[in-house]
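The values are calculated or read from the model by the stated rules, or taken from the named source; none is laboratory data. Please read all numbers here as calculations on a predicted model, not as lab measurements. Cβ placement follows ideal geometry from the backbone for every residue including glycine, while neighbour counts extend to all protein chains displayed. Areas reflect the complete protein model, heavy atoms only, side chains present, ligands, DNA and RNA absent. Shrake-Rupley method; radii C 1.70, N 1.55, O 1.52, S 1.80 Å.
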Amino acid sequence: MSSSVALDGGFEFRKTNRERDEDRAAERGREEEEDDDDDGGEADLAAWERAYADERSWESLQEDESGLLRTIDNKSAHLAQYRRRIRSLSSAASRIQKGLIRFLYLVVDLSRAAAEADFRPKRMVVVAKHVETFIREFFDQNPLSHIGLAIIKDGVAQCITDLGGSPDSHIKALHSKLECSGDASLQNALDLVHGYLGQIPSYGHREVLILYSALSTCDPGDILETIQKCKKAKIRCSVIGLSAEIYICKHLCDETGGSYTVALDEAHFKDLLMEHAPPPPAIAEFAAANLIKMGFPQRGAEGLIAICSCHKEAKVGGGYTCPRCKARVCELPTECRICGLTLVSSPHLARSYHHLFPISSFIEVSLTRPSNSHQRLPRNCFGCQQVFSTTGNIPILRVACPKCKQHFCELYSFQLLFSSWRSCLDALVGPSCSNWQL
(Lines give C-alpha, C1' and ligand atoms only; values in the text may rest on other atoms or scores of the structure.)
Protein backbone atom coordinates (compact mmCIF):
# COMPACT_ATOMS: atom_id res chain seq x y z
CA MET A 1 0.00 0.00 0.00
CA SER A 2 1.28 3.47 -0.86
CA SER A 3 1.35 6.32 1.69
CA SER A 4 0.83 10.05 1.18
CA VAL A 5 2.36 13.08 2.90
CA ALA A 6 0.70 16.50 2.95
CA LEU A 7 2.68 19.34 1.40
CA ASP A 8 1.91 23.05 0.90
CA GLY A 9 0.54 22.62 -2.59
CA GLY A 10 -1.03 19.15 -2.33
CA PHE A 11 0.00 15.57 -1.57
CA GLU A 12 3.12 13.54 -2.52
CA PHE A 13 2.54 9.80 -2.95
CA ARG A 14 5.30 7.46 -1.78
CA LYS A 15 5.50 3.84 -2.99
CA THR A 16 6.16 0.96 -0.72
CA ASN A 17 9.16 -1.35 -1.21
CA ARG A 18 6.94 -4.02 -2.75
CA GLU A 19 5.56 -1.64 -5.37
CA ARG A 20 9.05 -0.43 -6.27
CA ASP A 21 10.19 -4.05 -6.76
CA GLU A 22 7.25 -4.75 -9.04
CA ASP A 23 8.09 -1.70 -11.17
CA ARG A 24 11.72 -2.79 -11.52
CA ALA A 25 10.64 -6.31 -12.58
CA ALA A 26 8.27 -4.88 -15.20
CA GLU A 27 11.04 -2.66 -16.57
CA ARG A 28 13.42 -5.60 -16.84
CA GLY A 29 10.74 -7.57 -18.70
CA ARG A 30 10.34 -4.78 -21.25
CA GLU A 31 14.12 -4.66 -21.82
CA GLU A 32 14.24 -8.42 -22.39
CA GLU A 33 11.42 -8.16 -24.94
CA GLU A 34 13.32 -5.43 -26.80
CA ASP A 35 16.45 -7.62 -26.87
CA ASP A 36 14.44 -10.53 -28.26
CA ASP A 37 13.07 -8.29 -31.00
CA ASP A 38 16.60 -7.20 -31.93
CA ASP A 39 17.80 -10.80 -32.17
CA GLY A 40 15.49 -11.47 -35.11
CA GLY A 41 15.63 -15.14 -36.12
CA GLU A 42 17.22 -16.26 -32.84
CA ALA A 43 14.04 -15.31 -30.94
CA ASP A 44 12.26 -18.22 -32.59
CA LEU A 45 14.82 -20.70 -31.25
CA ALA A 46 14.69 -22.45 -27.91
CA ALA A 47 17.33 -21.69 -25.31
CA TRP A 48 19.29 -24.87 -25.96
CA GLU A 49 19.14 -24.25 -29.73
CA ARG A 50 20.55 -20.73 -29.37
CA ALA A 51 23.48 -22.07 -27.36
CA TYR A 52 24.45 -24.56 -30.08
CA ALA A 53 23.61 -22.31 -33.04
CA ASP A 54 26.57 -20.05 -32.32
CA GLU A 55 29.12 -22.64 -31.28
CA ARG A 56 28.35 -25.33 -33.93
CA SER A 57 30.12 -27.78 -31.66
CA TRP A 58 28.93 -30.79 -33.67
CA GLU A 59 31.40 -29.83 -36.42
CA SER A 60 34.32 -30.60 -34.08
CA LEU A 61 33.31 -34.29 -33.84
CA GLN A 62 34.42 -37.06 -36.17
CA GLU A 63 33.72 -40.77 -36.27
CA ASP A 64 36.77 -43.01 -35.94
CA GLU A 65 37.36 -46.54 -37.27
CA SER A 66 35.51 -48.19 -34.38
CA GLY A 67 32.41 -46.01 -34.78
CA LEU A 68 33.05 -43.78 -31.75
CA LEU A 69 32.86 -40.01 -31.84
CA ARG A 70 36.18 -38.27 -31.27
CA THR A 71 37.04 -34.59 -31.02
CA ILE A 72 38.84 -33.32 -34.11
CA ASP A 73 42.36 -32.07 -33.43
CA ASN A 74 42.41 -28.80 -35.38
CA LYS A 75 46.19 -28.57 -35.34
CA SER A 76 46.61 -32.08 -36.69
CA ALA A 77 44.03 -31.40 -39.40
CA HIS A 78 45.82 -28.17 -40.30
CA LEU A 79 49.16 -29.96 -40.63
CA ALA A 80 47.55 -32.70 -42.75
CA GLN A 81 46.12 -30.07 -45.08
CA TYR A 82 49.55 -28.40 -45.22
CA ARG A 83 51.18 -31.68 -46.27
CA ARG A 84 48.56 -32.18 -48.97
CA ARG A 85 49.39 -28.76 -50.38
CA ILE A 86 53.09 -29.66 -50.40
CA ARG A 87 52.34 -32.82 -52.39
CA SER A 88 50.16 -30.89 -54.83
CA LEU A 89 52.95 -28.37 -55.36
CA SER A 90 55.40 -31.21 -55.94
CA SER A 91 53.23 -32.57 -58.72
CA ALA A 92 52.69 -29.07 -60.13
CA ALA A 93 56.43 -28.42 -60.25
CA SER A 94 56.90 -31.09 -62.93
CA ARG A 95 56.75 -30.01 -66.56
CA ILE A 96 53.10 -30.56 -67.42
CA GLN A 97 51.40 -28.87 -70.34
CA LYS A 98 48.76 -26.47 -69.06
CA GLY A 99 46.06 -24.42 -70.65
CA LEU A 100 47.11 -20.80 -70.27
CA ILE A 101 44.31 -19.34 -72.41
CA ARG A 102 41.18 -20.41 -70.57
CA PHE A 103 37.55 -19.64 -71.30
CA LEU A 104 35.68 -20.37 -68.09
CA TYR A 105 31.96 -20.08 -67.42
CA LEU A 106 31.11 -19.85 -63.72
CA VAL A 107 27.55 -21.11 -63.10
CA VAL A 108 26.00 -20.16 -59.73
CA ASP A 109 22.94 -22.00 -58.45
CA LEU A 110 20.43 -19.43 -57.12
CA SER A 111 17.49 -21.77 -56.68
CA ARG A 112 15.57 -21.90 -53.40
CA ALA A 113 18.23 -24.28 -52.04
CA ALA A 114 20.73 -21.38 -52.07
CA ALA A 115 18.68 -19.66 -49.35
CA GLU A 116 19.47 -22.36 -46.79
CA ALA A 117 21.22 -21.13 -43.66
CA ASP A 118 23.68 -24.00 -43.07
CA PHE A 119 26.35 -21.65 -44.42
CA ARG A 120 25.90 -18.50 -42.38
CA PRO A 121 24.10 -16.23 -43.00
CA LYS A 122 22.95 -17.94 -46.22
CA ARG A 123 24.50 -20.07 -48.90
CA MET A 124 24.14 -17.44 -51.60
CA VAL A 125 25.86 -14.79 -49.44
CA VAL A 126 28.82 -17.07 -48.74
CA VAL A 127 29.03 -18.07 -52.42
CA ALA A 128 28.93 -14.45 -53.61
CA LYS A 129 31.67 -13.43 -51.17
CA HIS A 130 34.07 -16.16 -52.22
CA VAL A 131 33.21 -15.91 -55.93
CA GLU A 132 34.36 -12.29 -55.80
CA THR A 133 37.71 -13.41 -54.34
CA PHE A 134 37.95 -16.22 -56.89
CA ILE A 135 37.37 -13.93 -59.87
CA ARG A 136 40.17 -11.59 -58.82
CA GLU A 137 42.52 -14.49 -58.10
CA PHE A 138 41.62 -16.11 -61.43
CA PHE A 139 42.63 -13.04 -63.43
CA ASP A 140 45.76 -12.62 -61.35
CA GLN A 141 46.93 -16.14 -62.21
CA ASN A 142 45.42 -16.29 -65.72
CA PRO A 143 45.84 -12.82 -67.27
CA LEU A 144 45.21 -14.17 -70.79
CA SER A 145 41.95 -15.90 -69.86
CA HIS A 146 38.28 -14.91 -69.83
CA ILE A 147 35.37 -15.54 -67.46
CA GLY A 148 31.63 -15.48 -68.01
CA LEU A 149 28.89 -15.70 -65.36
CA ALA A 150 25.59 -17.59 -65.51
CA ILE A 151 22.93 -18.28 -62.87
CA ILE A 152 20.30 -21.00 -62.42
CA LYS A 153 16.90 -20.32 -60.87
CA ASP A 154 13.23 -20.97 -61.60
CA GLY A 155 14.31 -23.90 -63.77
CA VAL A 156 16.00 -21.55 -66.25
CA ALA A 157 19.67 -20.74 -66.89
CA GLN A 158 20.51 -17.11 -67.56
CA CYS A 159 23.79 -15.59 -68.73
CA ILE A 160 24.48 -12.37 -66.78
CA THR A 161 27.93 -11.53 -68.25
CA ASP A 162 29.62 -12.55 -71.47
CA LEU A 163 33.18 -13.87 -71.61
CA GLY A 164 35.48 -11.01 -70.70
CA GLY A 165 38.54 -9.92 -68.77
CA SER A 166 37.10 -7.27 -66.43
CA PRO A 167 36.68 -8.59 -62.85
CA ASP A 168 34.74 -5.52 -61.67
CA SER A 169 31.99 -5.93 -64.27
CA HIS A 170 31.50 -9.61 -63.33
CA ILE A 171 31.36 -8.87 -59.59
CA LYS A 172 28.91 -6.01 -60.06
CA ALA A 173 26.61 -8.14 -62.22
CA LEU A 174 26.63 -11.00 -59.71
CA HIS A 175 25.72 -8.82 -56.72
CA SER A 176 22.79 -7.37 -58.65
CA LYS A 177 21.25 -10.85 -59.17
CA LEU A 178 21.37 -12.30 -55.63
CA GLU A 179 17.77 -13.49 -55.38
CA CYS A 180 16.81 -17.13 -54.83
CA SER A 181 13.69 -18.78 -56.23
CA GLY A 182 12.45 -21.92 -57.94
CA ASP A 183 14.27 -25.10 -58.87
CA ALA A 184 17.66 -25.71 -60.46
CA SER A 185 18.09 -27.13 -63.96
CA LEU A 186 21.51 -28.59 -64.67
CA GLN A 187 20.64 -29.45 -68.27
CA ASN A 188 19.58 -25.89 -69.13
CA ALA A 189 22.84 -24.58 -67.65
CA LEU A 190 24.92 -27.00 -69.75
CA ASP A 191 22.96 -26.14 -72.91
CA LEU A 192 23.52 -22.43 -72.27
CA VAL A 193 27.30 -22.62 -71.77
CA HIS A 194 27.65 -25.11 -74.62
CA GLY A 195 26.22 -22.53 -76.99
CA TYR A 196 28.80 -19.95 -75.90
CA LEU A 197 31.86 -22.17 -75.50
CA GLY A 198 31.22 -24.03 -78.75
CA GLN A 199 32.36 -20.92 -80.65
CA ILE A 200 35.73 -20.71 -78.86
CA PRO A 201 38.81 -21.32 -81.08
CA SER A 202 40.64 -24.61 -80.76
CA TYR A 203 43.57 -23.09 -78.84
CA GLY A 204 41.29 -21.99 -76.01
CA HIS A 205 40.58 -24.36 -73.12
CA ARG A 206 36.83 -24.56 -72.49
CA GLU A 207 35.79 -24.98 -68.87
CA VAL A 208 32.64 -24.83 -66.78
CA LEU A 209 32.62 -24.53 -62.99
CA ILE A 210 29.21 -25.07 -61.37
CA LEU A 211 28.51 -24.07 -57.75
CA TYR A 212 25.52 -26.31 -57.07
CA SER A 213 23.31 -25.99 -53.98
CA ALA A 214 20.28 -28.11 -54.91
CA LEU A 215 19.81 -31.82 -54.30
CA SER A 216 18.02 -32.44 -57.59
CA THR A 217 17.72 -31.07 -61.11
CA CYS A 218 14.53 -30.22 -63.01
CA ASP A 219 15.36 -30.82 -66.68
CA PRO A 220 13.21 -30.53 -69.82
CA GLY A 221 14.91 -33.42 -71.64
CA ASP A 222 17.55 -36.11 -71.44
CA ILE A 223 20.52 -34.68 -69.54
CA LEU A 224 22.73 -37.63 -70.51
CA GLU A 225 22.59 -36.51 -74.15
CA THR A 226 23.58 -33.00 -73.08
CA ILE A 227 26.56 -34.40 -71.16
CA GLN A 228 27.75 -36.29 -74.23
CA LYS A 229 27.35 -33.13 -76.29
CA CYS A 230 29.61 -31.25 -73.86
CA LYS A 231 32.13 -34.08 -73.98
CA LYS A 232 32.29 -33.95 -77.79
CA ALA A 233 32.76 -30.17 -77.63
CA LYS A 234 35.80 -30.71 -75.31
CA ILE A 235 34.22 -28.75 -72.45
CA ARG A 236 35.71 -29.63 -69.06
CA CYS A 237 32.92 -29.50 -66.45
CA SER A 238 33.62 -29.30 -62.70
CA VAL A 239 31.11 -29.07 -59.85
CA ILE A 240 31.42 -27.91 -56.24
CA GLY A 241 28.42 -29.07 -54.22
CA LEU A 242 27.13 -27.23 -51.17
CA SER A 243 24.69 -29.86 -49.93
CA ALA A 244 25.44 -33.54 -50.61
CA GLU A 245 26.93 -35.70 -53.33
CA ILE A 246 24.66 -36.20 -56.35
CA TYR A 247 25.16 -38.97 -58.89
CA ILE A 248 24.40 -36.89 -61.98
CA CYS A 249 27.02 -34.28 -61.00
CA LYS A 250 29.62 -36.98 -60.45
CA HIS A 251 28.74 -38.58 -63.79
CA LEU A 252 29.07 -35.20 -65.53
CA CYS A 253 32.56 -34.60 -64.12
CA ASP A 254 33.74 -38.13 -64.87
CA GLU A 255 32.62 -37.93 -68.49
CA THR A 256 34.12 -34.50 -69.22
CA GLY A 257 37.35 -34.84 -67.24
CA GLY A 258 36.44 -32.39 -64.49
CA SER A 259 36.44 -32.68 -60.72
CA TYR A 260 33.52 -33.07 -58.33
CA THR A 261 33.84 -32.06 -54.68
CA VAL A 262 31.43 -31.30 -51.85
CA ALA A 263 32.13 -28.50 -49.37
CA LEU A 264 31.94 -29.34 -45.66
CA ASP A 265 31.98 -25.76 -44.36
CA GLU A 266 32.79 -22.25 -45.51
CA ALA A 267 36.57 -22.59 -45.16
CA HIS A 268 36.51 -25.87 -47.08
CA PHE A 269 34.36 -24.30 -49.79
CA LYS A 270 36.87 -21.47 -50.21
CA ASP A 271 39.76 -23.94 -50.54
CA LEU A 272 37.87 -26.02 -53.12
CA LEU A 273 36.99 -22.92 -55.12
CA MET A 274 40.53 -21.53 -55.11
CA GLU A 275 41.90 -24.83 -56.43
CA HIS A 276 40.31 -23.94 -59.78
CA ALA A 277 42.21 -20.63 -60.08
CA PRO A 278 45.53 -22.07 -61.39
CA PRO A 279 45.38 -23.51 -64.91
CA PRO A 280 44.67 -27.24 -64.89
CA PRO A 281 46.75 -29.77 -66.83
CA ALA A 282 45.74 -29.96 -70.46
CA ILE A 283 44.05 -33.16 -71.60
CA ALA A 284 46.46 -35.04 -73.88
CA GLU A 285 44.01 -35.60 -76.74
CA PHE A 286 42.92 -31.96 -76.70
CA ALA A 287 46.35 -30.34 -76.16
CA ALA A 288 47.31 -29.63 -79.74
CA ALA A 289 50.05 -27.05 -80.31
CA ASN A 290 48.87 -23.94 -82.16
CA LEU A 291 50.38 -20.67 -83.27
CA ILE A 292 48.17 -17.79 -82.17
CA LYS A 293 48.08 -14.35 -83.74
CA MET A 294 48.11 -11.64 -81.10
CA GLY A 295 48.09 -7.89 -81.28
CA PHE A 296 49.73 -5.49 -78.83
CA PRO A 297 47.62 -2.32 -78.98
CA GLN A 298 48.73 1.13 -77.88
CA ARG A 299 46.85 3.12 -75.29
CA GLY A 300 44.88 6.01 -76.70
CA ALA A 301 45.38 9.65 -75.82
CA GLU A 302 43.51 11.00 -72.82
CA GLY A 303 41.62 13.77 -74.61
CA LEU A 304 40.66 11.74 -77.69
CA ILE A 305 36.98 10.96 -78.31
CA ALA A 306 36.30 7.60 -79.99
CA ILE A 307 33.53 5.04 -80.27
CA CYS A 308 34.21 1.92 -78.20
CA SER A 309 33.60 -1.30 -80.13
CA CYS A 310 32.85 -3.17 -76.87
CA HIS A 311 29.96 -1.02 -75.60
CA LYS A 312 29.15 0.74 -78.92
CA GLU A 313 29.19 4.20 -77.38
CA ALA A 314 31.45 7.27 -77.51
CA LYS A 315 34.05 7.57 -74.76
CA VAL A 316 36.56 10.27 -73.94
CA GLY A 317 40.19 9.26 -73.45
CA GLY A 318 41.73 5.96 -72.45
CA GLY A 319 41.12 2.70 -74.23
CA TYR A 320 43.33 0.82 -76.65
CA THR A 321 43.59 0.87 -80.44
CA CYS A 322 43.66 -2.40 -82.38
CA PRO A 323 46.85 -2.51 -84.50
CA ARG A 324 45.03 -4.25 -87.40
CA CYS A 325 41.70 -2.44 -87.86
CA LYS A 326 42.27 0.62 -85.59
CA ALA A 327 39.11 -0.10 -83.58
CA ARG A 328 38.90 1.12 -79.98
CA VAL A 329 38.51 -1.31 -77.07
CA CYS A 330 38.18 -0.55 -73.36
CA GLU A 331 40.26 -3.23 -71.67
CA LEU A 332 42.82 -5.98 -72.18
CA PRO A 333 42.96 -8.89 -72.78
CA THR A 334 40.08 -9.13 -75.19
CA GLU A 335 39.19 -10.05 -78.74
CA CYS A 336 38.63 -7.29 -81.25
CA ARG A 337 34.94 -7.14 -82.16
CA ILE A 338 35.77 -5.95 -85.68
CA CYS A 339 38.62 -8.13 -86.97
CA GLY A 340 38.70 -10.88 -84.32
CA LEU A 341 42.39 -10.34 -83.38
CA THR A 342 43.37 -11.37 -79.84
CA LEU A 343 44.58 -8.22 -78.06
CA VAL A 344 46.95 -8.52 -75.09
CA SER A 345 49.75 -6.58 -73.44
CA SER A 346 53.31 -7.71 -72.80
CA PRO A 347 52.83 -7.81 -68.98
CA HIS A 348 50.01 -10.32 -69.51
CA LEU A 349 52.38 -12.69 -71.30
CA ALA A 350 55.06 -12.23 -68.63
CA ARG A 351 52.63 -12.97 -65.80
CA SER A 352 51.53 -16.19 -67.52
CA TYR A 353 55.09 -17.44 -67.85
CA HIS A 354 55.46 -18.70 -64.27
CA HIS A 355 53.06 -21.57 -64.97
CA LEU A 356 55.44 -22.94 -67.61
CA PHE A 357 58.56 -22.85 -65.40
CA PRO A 358 57.51 -23.19 -61.74
CA ILE A 359 60.07 -23.12 -58.96
CA SER A 360 61.24 -26.38 -57.45
CA SER A 361 58.96 -27.67 -54.71
CA PHE A 362 60.17 -27.39 -51.14
CA ILE A 363 60.93 -30.48 -49.07
CA GLU A 364 59.28 -31.21 -45.76
CA VAL A 365 61.90 -31.38 -43.00
CA SER A 366 61.74 -34.27 -40.54
CA LEU A 367 62.37 -33.18 -36.97
CA THR A 368 63.06 -36.65 -35.60
CA ARG A 369 66.58 -37.04 -36.98
CA PRO A 370 68.60 -34.63 -39.12
CA SER A 371 69.93 -35.86 -42.42
CA ASN A 372 73.46 -34.96 -41.25
CA SER A 373 74.21 -35.72 -37.61
CA HIS A 374 76.91 -33.00 -37.52
CA GLN A 375 74.52 -30.35 -38.83
CA ARG A 376 72.04 -28.74 -36.48
CA LEU A 377 68.64 -27.63 -37.67
CA PRO A 378 68.20 -23.85 -37.76
CA ARG A 379 66.06 -22.42 -34.97
CA ASN A 380 64.59 -19.54 -37.00
CA CYS A 381 62.66 -19.22 -40.23
CA PHE A 382 64.93 -17.76 -42.93
CA GLY A 383 62.12 -15.50 -44.13
CA CYS A 384 60.36 -14.06 -41.08
CA GLN A 385 63.04 -14.93 -38.48
CA GLN A 386 60.42 -16.41 -36.14
CA VAL A 387 61.56 -19.24 -33.88
CA PHE A 388 60.38 -22.73 -34.85
CA SER A 389 58.59 -23.50 -31.58
CA THR A 390 56.78 -26.66 -30.53
CA THR A 391 53.21 -26.43 -29.25
CA GLY A 392 52.39 -29.44 -27.10
CA ASN A 393 53.25 -32.66 -28.88
CA ILE A 394 52.77 -31.19 -32.36
CA PRO A 395 55.82 -29.35 -33.76
CA ILE A 396 55.44 -26.56 -36.27
CA LEU A 397 55.95 -27.92 -39.77
CA ARG A 398 58.93 -26.53 -41.69
CA VAL A 399 60.08 -26.92 -45.28
CA ALA A 400 63.47 -26.46 -46.91
CA CYS A 401 64.54 -25.17 -50.31
CA PRO A 402 66.22 -28.01 -52.27
CA LYS A 403 68.82 -25.59 -53.70
CA CYS A 404 70.06 -23.46 -50.80
CA LYS A 405 68.82 -25.72 -47.92
CA GLN A 406 67.29 -22.75 -46.08
CA HIS A 407 64.30 -23.52 -43.82
CA PHE A 408 60.99 -21.69 -44.00
CA CYS A 409 57.74 -21.71 -42.05
CA GLU A 410 54.25 -22.03 -43.50
CA LEU A 411 53.69 -18.29 -43.93
CA TYR A 412 56.69 -17.77 -46.18
CA SER A 413 56.58 -21.06 -48.03
CA PHE A 414 53.00 -20.66 -49.30
CA GLN A 415 51.68 -17.13 -48.87
CA LEU A 416 54.82 -15.41 -50.16
CA LEU A 417 57.28 -17.74 -51.87
CA PHE A 418 54.80 -19.78 -53.93
CA SER A 419 51.88 -17.36 -54.22
CA SER A 420 53.46 -13.91 -54.61
CA TRP A 421 57.22 -13.97 -55.20
CA ARG A 422 57.41 -17.40 -56.85
CA SER A 423 61.10 -17.53 -55.93
CA CYS A 424 63.19 -18.63 -53.00
CA LEU A 425 64.01 -15.71 -50.71
CA ASP A 426 67.73 -16.51 -50.82
CA ALA A 427 67.62 -16.27 -54.62
CA LEU A 428 66.17 -12.76 -54.34
CA VAL A 429 68.68 -11.37 -51.84
CA GLY A 430 71.81 -13.22 -52.94
CA PRO A 431 73.34 -15.38 -55.69
CA SER A 432 73.70 -18.50 -53.53
CA CYS A 433 70.34 -20.02 -54.57
CA SER A 434 69.19 -20.86 -58.09
CA ASN A 435 65.57 -21.72 -57.19
CA TRP A 436 63.94 -18.79 -58.93
CA GLN A 437 61.57 -18.21 -61.80
CA LEU A 438 62.29 -16.90 -65.26
Environment charge of Gly204, counting only residues whose C-beta is closer than 11 Å and scoring Lys/Arg +1, Asp/Glu -1 = +1
Extended-chain gain in nm, criterion 0.36 nm per residue less alpha-carbon gap, Asp265 and Ser202 = 18.9 nm
In order over segment 227-237: 3J(HN,Hα) from phi, Karplus 6.51/-1.76/1.60, θ = phi - 60°, whole Hz, x for each Gly or Pro, gives 5, 5, 5, 5, 5, 5, 7, 6, 9, 8, 9
Can you send over the solvent-accessible area of Phe362, 1.4 Å probe, protein chains only, in Å² to the nearest 10?
-> 10
Once you have the Cα-Cα distance between Lys129 and Cys404, take 0.36 nm times their residue separation minus that, and quote the gain in nm to one decimal.
-> 95.0 nm
Pop the C-beta distance of Arg136 and Ser66 into the FRET formula with R0 = 60 Å and round what comes out to the nearest 0.05.
-> 0.85
Could you order Cys381, Cys159 by accessible surface area, starting with the largest, using a probe radius of 1.4 Å?
-> Cys159, Cys381
Please report, as a whole percent, how much of the solvent-accessible surface of segment 159-280 comes from carbon and sulfur atoms (probe radius 1.4 Å).
-> 50
Going by the alpha-carbon gyration tensor, a ≥ b ≥ c the square roots of its eigenvalues, is segment 102-191 rounded (a/c under 1.5) or, if a/c is not under 1.5, prolate (a/b greater than b/c) versus oblate?
-> oblate
Got a sec? What order do Cys409, Cys218 fall in by accessible area at 1.4 Å, biggest, i.e. largest, first?
-> Cys218, Cys409
Ala233 versus Asp254, label points 7 Å from Cα toward the beta carbon: distance in nm?
-> 2.3
Mind checking the dipole of segment 149-191: about its Cα centre, +1 per Lys or Arg Cβ, -1 per Asp or Glu Cβ, Debye to the nearest 20?
-> 120
Projected label distance in nm at Val156 and Ile363, using a 7 Å step from Cα toward the beta-carbon | 6.1
Linear extension gain, Asp118 paired with Ala314, 0.36 nm per residue minus alpha-carbon span | 65.8 nm
Kindly sort Thr226, Thr133 by accessible area of their heavy atoms, largest first, with the probe set to 1.4 Å.
-> Thr133, Thr226
